[in-house]
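Below you'll find the structure, written out as structure tokens, and then a few comments.
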Amino acid sequence: MSGDIAHRRVHTNGTWIHFAEKGKCKEGPLVLLIHGFPQLWSSWKFQMDRLADTGYRVVASDMRGYGDSDCPPDPVSYTVFHLVGDMIGLLDNLGEKQAFVVGHDWGAQVAWYLCLFRPDRVKALVNMGVPYRPQSPVKPVDFMTEIYGEGFYVSQFQEPGRAERSFSQYDCLTILKKFLLIDSPDLLAAPPGTEIIDFLETPSSLPAWITEEELKTSAAKFEKTGFTGALNYYRAMNLNWELLGPWRGAKITVPTKFIVGNKDAGFESFGTKTYVEGEEYKSHVPNMEVVVIDGHHFIHQERAQLVSNEILSFFNNHSDRV
């Protein structure tokens, strides 16, 4: 079904962005799919097929730092302003004033800020895995390190070169298996003196939702680019905090559906479950419904059919919004 996917690169916001496209060119409503760490546009193949088959024009990009998009080496080039700017530039290049948006993991973060900065460009949003949180009183990396320790994966990713050196002890296929196939709700924190990539287990078998061939195809891209671009998202977190002050207290007003797996490592950690199921979350995103389903972090692949149904039902209900 994915044989008619077209690929292009566009120059926007000072960088080259690669994207895959399927569906009715310039006819169907546009859906923009935004991937997270450590994935590529291809993680959305099932949704691309399903959405295109129902009449949508579907675009999934390699985010900056990934795959066939440019990979700037400096972390300061990975603020949410750069990332949202890439998506706005992509919409402009596609000739679209608005899009339905779907985000997962870091892609969800980008989608939240796309809705915060430019709600006029988003018809409706489906986000997965990472809830919107208002700006904290302290820098996020500092807070996480104080609470979860130096072994916390976000903390270990901060020093340029550190994670890259530890990753270099493994081939890219093994690295992807370690991160993509985490089957535990435990906090991603390594014991003292241990690198997170060494701490994570390599699964002996694959779940039904992903194949060895799919992992090898993605690994081949990371063999070319390395992981610095992907890690730079984390290295810009404190800088994001400094720049986001003007939006303190602002709400996400775009119609939203938030989907999370009940076995997601982040759902039971950080107080996320209580936050997501409580009233505070909906006070920040007032026009939102929350859907908790049985599954892990990469829920759009693990429960691809169910997630696609949730996306379609939500977007179909908001198809007239301009």
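The values are calculated or read from the model by the stated rules, or taken from the named source; none is laboratory data. Bear in mind the structure is a predicted one, so any value in this text is a computation, not a measurement. Neighbour counts are summed over all protein chains in view; Cβ atoms, including those assigned to glycine, are modelled from backbone coordinates with ideal geometry. The accessibility values were calculated without ligands, DNA or RNA, using every heavy atom of the protein model including side chains. Shrake-Rupley method; radii C 1.70, N 1.55, O 1.52, S 1.80 Å.
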Can you give me the ranges of the strands (runs of 3 or more DSSP E) entirely in the range 1-78 with at least 1 residues that are closer than 18 Å to residue 219 by Cβ and open to solvent by less than 20 Å² (accessible area, probe 1.4 Å)? 15-22
Give the residues of the range 94-122 that are out of contact with any Lys or Arg (no Cβ under 9 Å at 6 or more places or on another chain) and over 26 Å from residue 261 (Cα atoms), sorted by residue number. 117, 118, 119
Going through the range 85-138 in order, the residues found to be closer than 25 Å to residue 291 by Cα, of a type in the set (A, V, I, L, M) and part of a helix (DSSP H, G or I) are 108, 110, 111, 114, 116
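Would you mind finding the one in 228, 217, 256 that is open to solvent by less than 60 Å² (accessible area, probe 1.4 Å), more than 30 Å from residue 314 (Cα to Cα) and of a type in the set (Ser, Thr, Tyr)?
Details: 217 fails: open to solvent by less than 60 Å² (accessible area, probe 1.4 Å); 256 fails: more than 30 Å from residue 314 (Cα to Cα).
When all the criteria are applied, what remains is 228.
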Within the range 263-278, of all residues that are open to solvent by less than 10 Å² (accessible area, probe 1.4 Å) and in contact with a Gly (Cβ under 7 Å, 6 or more places away or on another chain), the one farthest from residue 105 (Cα to Cα) is 272
Any residue in the range 128-135 that is open to solvent by less than 30 Å² (accessible area, probe 1.4 Å) and either under 19 Å from residue 250 (Cβ atoms) or aromatic (Phe, Trp, Tyr) (or both)? yes
Read through the list (1) in contact (Cβ under 8 Å) with a residue 24 or more places away in the chain; (2) in contact with a Phe, Trp or Tyr (Cβ under 8 Å, 6 or more places away or on another chain); (3) in a helix (DSSP H, G or I), then give the number of the only condition that residue 145 fails. (1)
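Name the one entry in 195, 214 that is touching a residue at least 24 places away in the same chain (Cβ under 8 Å) and closer than 23 Å to residue 104 by Cα. Break it down stepwise before answering.
Details: 195 fails: closer than 23 Å to residue 104 by Cα.
Exactly one residue qualifies, and that residue is 214.
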Residue pairs meeting the criteria (Cβ under 6 Å; at least 6 apart or on separate chains; first closer than 25 Å to residue 167 by Cα and modelled with pLDDT of 95 or more, in the range 229-257; second in a helix (DSSP H, G or I) and not aromatic (Phe, Trp, Tyr)): 231/163; 232/75; 234/154; 235/75; 236/75; 237/140; 237/141; 238/141
Within the range 150-158, is even one residue open to solvent by 10 Å² or more (accessible area, probe 1.4 Å) and aliphatic (A, V, I, L, M)? no
Residues of the range 86-117 being open to solvent by 10 Å² or more (accessible area, probe 1.4 Å) and within 26 Å of residue 266 (Cβ to Cβ), which ones? 105, 106, 109, 113, 116, 117
